[in-house]
1. Compute, for Glu3, the solvent-accessible surface of its heavy atoms (probe 1.4 Å) with the complete set of protein chains present, and express it in square angstrom to the nearest 10.
2. Could you check how much of the accessible area of the chain is carbon and sulfur, as a whole percent, using a 1.4 Å probe?
3. Pop out the ³J(HN,Hα) list for region 40-48 in order, Karplus 6.51 cos²θ - 1.76 cosθ + 1.60 with θ = phi - 60°, rounded to Hz; leave Gly and Pro as x.
4. If I stretch the segment between Arg60 and Val38 completely, what's the gain in nm (0.36 nm per residue apart, minus their alpha carbon distance), one decimal?
5. Pick out, in residue order, every one of the chymotrypsin sites (Phe, Trp or Tyr not before Pro) in the chain that is DSSP loop and has at most 13 other C-beta atoms within 10 Å; say none if there are none.
6. With every protein chain kept in place and ligands, DNA and RNA left out, what is the accessible area per residue of the chain? Probe 1.4 Å, answer in Å².
Amino acid sequence: MTETILLTLYALVAVLFLEMTYREGEMSLAGGWDVMRVVGLLYCLAWPLLIVHVSIVAYRDRHAR
């Protein structure tokens, strides 16, 4: 149950930032699909994982003392 909630929250955050990044790319003057635009969309999927990783490491470190 908890995993489902966490996965849903992750998906919502990722989709929100994907949508915002996509709209930014559409509103730019070029409006085309270049490497930086694709990389930006991929980063939208990756950065929440980094937050989860840092949170887990901090939690473990705090309880290891």
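The values are calculated or read from the model by the stated rules, or taken from the named source; none is laboratory data. None of the values given here were measured: they were computed from a predicted structure. Note that we place each Cβ from the backbone using ideal geometry, even for glycine, and neighbour counts take in every protein chain shown. Keep in mind that these areas ignore ligands, DNA and RNA; they rest on the heavy atoms of the full protein, side chains included. Shrake-Rupley method; radii C 1.70, N 1.55, O 1.52, S 1.80 Å.
1. About 130 Å², ignoring ligands and nucleic acids.
2. 73
3. So the J values, rounded to whole Hz, are x, 5, 5, 5, 4, 7, 8, 5, x.
4. Roughly 4.5 nm would be gained on extension.
5. Filter output for the chain: Trp33.
6. 87
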